[in-house]
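K.L.:
The structure is given below, and queries will be raised subsequently.
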Amino acid sequence: MFPQTPSSGKRNGNGNGKKATRVFKMEMRFDLKNLILYALVILLVILTISSFIDNQPQNKVEPISQVLADAKAGKVSRIEVSDSDLTVKYKDGTIVDSRKDPNQDLNQTLFSKDQLALDPSNITLVNQNDITKNFWVNTFLQFGPIVLFFVLIFWLYRRQMAGTNSLFSFGQSPAKLYNKAMPKVTFKDVAGVDEAKRELEEVVDFLKNPKKYAALGARTPKGVLLVGPSGTGKTLLAKAVAGEAGVPFFSMAGSEFMEMLVGVGASRARDLFQTAKKNKPAIIFIDEIDAIGRTRSLGAIGGHDEREQTLNQILIEMDGFEPNEQVVVIAATNRGDLLDPALLRPGRFDRRVVLDLPDKEGRLAILKVHMKNKPFEEEIDWDKVAKRTVGFSGADLENMLNEAAIEAARHDRTKIAMEDIEEAATKVKLGPQKKRIQSDLDKKMTAYHEAGHAIVTHELPHMDPVHRISIVSRGMSLGHTLIPPTADRLHETKSHLVEQIAAMLGGRAAEEMVFSEMTTGAASDISQATGIAREMVMEFGMSALGPINFGAEEQSYMGKTYLEPQKLSEEMAGKIDEAVRKLIDDGYKLAVSILKKNRKLLDKVSAELIAKETLEGEEFERLMGHEKKGITTS
């Protein structure tokens with residue numbers, strides 16, 4: 001069925017139609033092992049630098065013969081001896097370095113009667129030789145870096161072993177454990193999915209009061225599968241279960257099972273279930289389970305890849321030989337059609353909860369949840385907002401109110417007004433406004449195009465009223481005509497679908513009528529109209545070919561179901577194309593006939609659009625001279 005959206009008739013410019021606060025604390029951990037390691041590193045660096053500095057020549061170097069001659073001449077006051085190195089201090093304050101022969105006894109050379117025979121009182125000789133000290137310093141400097149290297153390796157190894165994502169812990173489950181200290185979400189914070197809440201409330205009660213159900217012979221459901229479009233509240237429901245259950249809640253995404261090493265996914269699945277069983281009663285939540293739970297290979301040879309091994313392990317853990325009592329698995333996906341049949345059978349996922357887009361009452365309840373902590377003007381009609389947002393998911397509604405708050409702050413308002421909500425709703429679906437520079441001709445073409453959509457829609461009995469017409473560029477479109485459904489439709493009629501095609505082609509009809517020209521702006525409209533017509537013929541049986549489904553059909557192989565395109569003869573394919581073409585031609589002719597009857601109104605609405613750029617529904621109906629009559633439902 002063609003998806004209902006709050007907008008249609010977009011003119012495309014290029015032919016294509018409660019806040020949680022995290023507080024990060026820096027903690028200093030005084031670990032004795034770490035302190036010793038840091039001290040060793042600092043000491044080694046100091047000694048290395050000191051040794052390097054000591055080994056560098058700092059003073060002028062004189063030969064030993066010159067030093068002895070200066071000593072005999074009485075110029076030297078002090079000589080310091082360290083092994084073969086000499087530091088000579090002259091009486092005039094000059095200091096020089098020198099070296100002697102290792103076997104030479106400087107004391108005998110200076111003071112022996114048969115040598116220089118210097119007076120010991122005229123020169124001071126200091127012997128600083130400390131062989132033991134130098135030996136240990138040299139040994140430490142030589143082997144210290146090697147020892148430090150192994151100490152660092154051992155330290156890193158211990159730290160890696162302590163982490164869940166370490167080199168040596170691939171097989172451990174990285175599931176996050178939610179406890180009472182974390183921000184609590186309850187079922188009161190979830191709205192618009194009452195049926196799903198009831199199902200999960202029973203699961204929570206099972207875990208809290210197992211004896212009540214055991215007395216009647218009932219067992220705890222092993223699994224609950226949440227299926228629905230993105231943004232309908234699957235993950236939020238899981239968080240609410242964590243807040244309500246009061247039992248250990250392990251959360252993990254399907255993609256977290258996969259890793260670059262073979263067998264890691266299966267190992268993580270085993271570790272996750274073993275940990276949950278040790279803490280039972282417990283709940284395991286697997287988000288986006290389609291990442292690992294897709295239908296296994298249908299070929300004759302089969303598959304043995306990492307994903308299939310992980311899926312096989314989950315199947316065994318959920319319903320294998322070992323009992324799996326008081327551990328409930330909740331999984332979420334928006335692609336339930338891709339899951340393996342073995343995963344969906346009772347005994348594994350006993351309950352399949354489908355979350356749809358919220359109806360009017362659901363949208364109103366969701367708006368009330370997200371209204372908290374936001375100031376709104378009193379005259380806002382929330383019932384009207386709920387009607388205006390047909391097709392919005394819970395995430396869309398939350399984002400809409402957030403954008404409305406930003407819009408109000410941008411205009412320095414203290415409260416959020418209805419105009420902020422209206423702009424936010426349009427922004428969520430179509431994108432922000434763009435001030436594109438357009439020529440007068442481009443603006444005129446866009447105005448007639450959007451006026452064509454609006455007038456055709458207004459004159460068709462089964463179409464909803466026009467909510468807004470604009471030639472302000474948003475996203476990829478140069479203009480748009482918003483036609484949100486006035487009520488949630490459970491069934492689509494042939495009459496409404498045919499009129500949708502006509503309304504979508506109203507823009508192209510207006511271009512040809514006024515300018516005798518075609519533009520690329522109708523490409524998106526044509527694509528959507530063709531899609532509706534083809535589905536009417538091939539799937540809904542709404543054509544002269546009769547109630548026959550020409551689309552993909554279900555096939556079964558080895559207990560698995562999949563879709564396969566039907567094999568159509570060339571003759572039948574030609575008839576289908578002809579039936580689609582007839583629906584498009586009839587819709588276009590209907591649009592042209594309506595615009596011919598209302599040519600003056602087309603010019604009037606277009607001129608008003610060029611002057612104001614945006615027309616609200618009430619202004620448009622005043623230009624038309626009458627309000628749209630009640631929508632015909634049959």
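K.L.:
Per 0.36 nm of contour for each residue apart, how much would the distance between Ile146 and Ser439 grow if the chain were fully extended, relative to their Cα-Cα spacing?
P.N.:
Working it through step by step, the gained length comes to 97.9 nm.
K.L.:
Next up: Is region 352-502 best put as rounded, prolate or oblate by its Cα gyration tensor, with a ≥ b ≥ c the root eigenvalues, rounded for a/c under 1.5, and otherwise prolate when a/b is larger than b/c, oblate when not? Don't skip to the answer; put the middle values down first.
P.N.:
On the way: a/c = 2.17, a/b = 1.16, b/c = 1.87.
Cα axes put region 352-502 in the oblate bin.
K.L.:
Taking R0 as 25 Å, what FRET efficiency do you get between Ile316 and Asn209 from their Cβ-Cβ distance, rounded to the nearest 0.05? Can you show the working numbers first?
P.N.:
Working: r = 29 Å, r/R0 = 1.15.
Rounded to the nearest 0.05, the efficiency is 0.30.
K.L.:
Then there's this: Take the Cβ-Cβ distance between Glu80 and Phe154 as r, set R0 to 56 Å, and report the resulting FRET efficiency rounded to the nearest 0.05. Walk me through the numbers on the way to the answer.
P.N.:
Values: r = 43 Å, r/R0 = 0.76.
Taking R0 as 56 Å, the efficiency between Glu80 and Phe154 is 0.85.
K.L.:
Shifting gears a bit: Just check region 360-429 against the gyration tensor rule for me: Cα atoms, a ≥ b ≥ c as the square roots of the eigenvalues, rounded for a/c under 1.5, and otherwise prolate or oblate depending on whether a/b exceeds b/c. Could you put the intermediate results ahead of the total?
P.N.:
Working: a/c = 1.69, a/b = 1.43, b/c = 1.18.
Verdict is prolate for region 360-429.
K.L.:
Roughly how many debye, to the nearest 20, is the charge dipole of region 354-398 about its Cα centre, given +1 on each Lys and Arg Cβ, -1 on each Asp and Glu Cβ, and no other charges? Mind showing how you got there, number by number?
P.N.:
On the way: 8 positive and 10 negative charges, 14 e Å.
So the dipole magnitude of region 354-398 works out to roughly 60 debye.
K.L.:
Using a basic spin-label model with each label point 7 Å from the Cα along Cα→Cβ, how many nm lie between Lys278 and Lys597?
P.N.:
My value for the distance between the label points is 7.7 nm.
K.L.:
Multiply the residue gap between Lys188 and Ala39 by 0.36 nm, knock off their C-alpha separation, and tell me the result in nm, one decimal place.
P.N.:
Separation in residues times 0.36 nm, less the Cα-Cα distance, equals 48.2 nm.
K.L.:
Cβ neighbours within 10 Å, averaged per peptide: list 399-412, 461-474 in order, most packed at the top. Each step should come with its number before you reach the end.
P.N.:
On the way: 399-412: 17.1, 461-474: 21.4.
Highest mean packing first, the order is 461-474, 399-412.
K.L.:
Quote the FRET efficiency, to the nearest 0.05, computed for Glu379 versus Glu199 with a Förster distance R0 of 45 Å and r equal to the Cβ-Cβ distance.
P.N.:
Calculated value: 0.70.
K.L.:
Another question, then. Going by average Cβ neighbours within 10 Å, how do the peptides 599-612, 89-102 rank, with the highest at the top?
P.N.:
599-612, 89-102
K.L.:
Net charge within 10 Å of Asn598 by Cβ-Cβ distance, Lys/Arg positive one each and Asp/Glu negative one each, not counting Asn598 itself?
P.N.:
Neighbour charge sum, excluding Asn598 itself: +3.
K.L.:
Applying a 10 Å radius around every beta-carbon, put 207-214, 439-446 in order of their mean neighbour count, most first.
P.N.:
The peptides rank, most packed first, as 439-446, 207-214.
K.L.:
Additional query: Could you point to the residue in Met445, Met418, Gly431 farthest towards the positive end of region 410-451's charge dipole, with +1 and -1 charges on the Cβ of Lys/Arg and Asp/Glu respectively?
P.N.:
Gly431
None of the figures in this text is laboratory data; all of them are computed from the coordinates on show. Treat the numbers as computed from the prediction; the structure is a model and nothing was measured. When we count neighbours, we look across all protein chains shown, and the Cβ atoms used for this are built from the backbone with ideal geometry, even at glycine.
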